[in-house]
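Colleague: Okay, here's the structure, questions in a sec.
The values are calculated or read from the model by the stated rules, or taken from the named source; none is laboratory data. Since the model is a prediction, treat every value here as computed from it, not as a measurement. When we count neighbours, we look across all protein chains shown, and the Cβ atoms used for this are built from the backbone with ideal geometry, even at glycine. Just so you know, the surface numbers come from the protein's heavy atoms only, side chains and all, with ligands and any DNA or RNA stripped out. Shrake-Rupley method; radii C 1.70, N 1.55, O 1.52, S 1.80 Å.
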Amino acid sequence: MDPGEVTILLRRIGNQEPGAWDDLVPVVYEELRTLARSRFRQSPSDTLSSTALVHETFFKLCQAESLTLNDRRHFFAVAAVAMRRVLVDYARKQATRKRGGGAQRVSIDDFQIGTHDPMAEILFVDSVLAQLRAQSPRAAEVTELRYFAGLSVEETAEVLDVDPRTVKRDWRKARAILFSLYRQRLSLPDRF
């Protein structure tokens, strides 16, 4: 994918040119599907497929009234937020359908927390994202890109325009904060 081509298409979208979204979709579609598939490897969904996630993400982006996307990097950052919203909406719907169930272990990367299901984990991470943002804004951005959009360390570094080591450091910090917030929610002591 030519980054310059994406930037030109994004400018056309910003200018609200007819057909600009239609021209953008084939250029970024496969990359978004790859991100969505990566997301589902982390916590699979029973009925929401990676294709459905990409389609719903595009739908949300197309429905935005005043969307200004500067470049490819900015597009994928905005797409990550849109994916997060789709996943959270889906998780909320799933949660209303099936209350309860046995606890199982679900991972946030190599960090384990016990939740009822992957949808509950999505809702938990979404619900504490503002607290995470207050403690470390960039760690919250890293969480959105890594956890909700499924970007790799290198892809996240590219989107945020930082060194991959910085992303790794922020991801470790984010997981530690998420773990602490999860323990607080369960009213567990810091140490056993």
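Colleague: Would you call Asp71 at pLDDT below 85, under 19 Å from Thr156 (Cα atoms) and surrounded by fewer than 17 Cβ atoms within 10 Å (Cβ to Cβ)?
Modeller: Values: at pLDDT below 85: yes; under 19 Å from Thr156 (Cα atoms): yes; surrounded by fewer than 17 Cβ atoms within 10 Å (Cβ to Cβ): yes.
Yes.
Colleague: Next up: Which condition from (1) closer than 17 Å to Val125 by Cα; (2) modelled with pLDDT under 85; (3) among the basic types (Lys, Arg) is the one that Arg85 breaks?
Modeller: Single failed check for Arg85: (2).
Colleague: Can you tell me how many residues within the stretch 135-168 are in a loop (DSSP other than H, G, I, E, B) and of a type outside the set (Asp, Glu)? Quick ask: steps written out before the conclusion?
Modeller: Let us first name the residues in the stretch 135-168 that are in a loop (DSSP other than H, G, I, E, B), namely 136, 149-152, 161-163.
If we keep only those that are of a type outside the set (Asp, Glu) too, we end up with 136, 149-152, 162.
Count: 6.
Colleague: If only one of Arg12, Arg39 is surrounded by fewer than 18 Cβ atoms within 10 Å (Cβ to Cβ) and either assigned to a helix (DSSP H, G or I) or modelled with pLDDT under 85 (or both), which one is it?
Modeller: Values: Arg39 fails: surrounded by fewer than 18 Cβ atoms within 10 Å (Cβ to Cβ).
Sole residue among the options that is surrounded by fewer than 18 Cβ atoms within 10 Å (Cβ to Cβ) and either assigned to a helix (DSSP H, G or I) or modelled with pLDDT under 85 (or both): Arg12.
Colleague: Do any residues in the stretch 29-44 that are farther than 15 Å from Arg84 by Cα have Cβ atoms under 9 Å from those of residues that are at pLDDT below 75, where the two are at least six apart or on different chains, and which pairs are they?
Modeller: As it stands, the answer is Glu30/Met1; Glu31/Met1, since those pairs meet every condition given.
Colleague: Considering only the stretch 115-155, state which residues are modelled with pLDDT under 85 and open to solvent by 30 Å² or more (accessible area, probe 1.4 Å).
Modeller: His116, Ala120, Leu123
Colleague: Please indicate, with yes or no, whether at least one residue in the stretch 89-100 is closer than 21 Å to Glu158 by Cβ, open to solvent by less than 50 Å² (accessible area, probe 1.4 Å) and at pLDDT 80 or above. It would help to see each step written out before you state the result.
Modeller: Keep residues of the stretch 89-100 that are closer than 21 Å to Glu158 by Cβ, which gives none.
Among the residues of the stretch 89-100, not one is closer than 21 Å to Glu158 by Cβ, open to solvent by less than 50 Å² (accessible area, probe 1.4 Å) and at pLDDT 80 or above, which makes the answer no.
Colleague: Now a separate question. Select from the stretch 52-73 the residues that are touching a residue at least 24 places away in the same chain (Cβ under 8 Å), out of contact with any helix residue (DSSP H, G or I) (no Cβ under 6 Å at 6 or more places or on another chain) and either under 14 Å from Leu151 (Cβ atoms) or of a type in the set (Phe, Trp, Tyr) (or both) and list them in ascending order.
Modeller: Passing the criteria: only Phe58.
Colleague: Could you please let me know if Val27 is modelled with pLDDT of 85 or more and closer than 27 Å to Glu121 by Cβ?
Modeller: Details: modelled with pLDDT of 85 or more: yes; closer than 27 Å to Glu121 by Cβ: no.
Answer is no for this residue.
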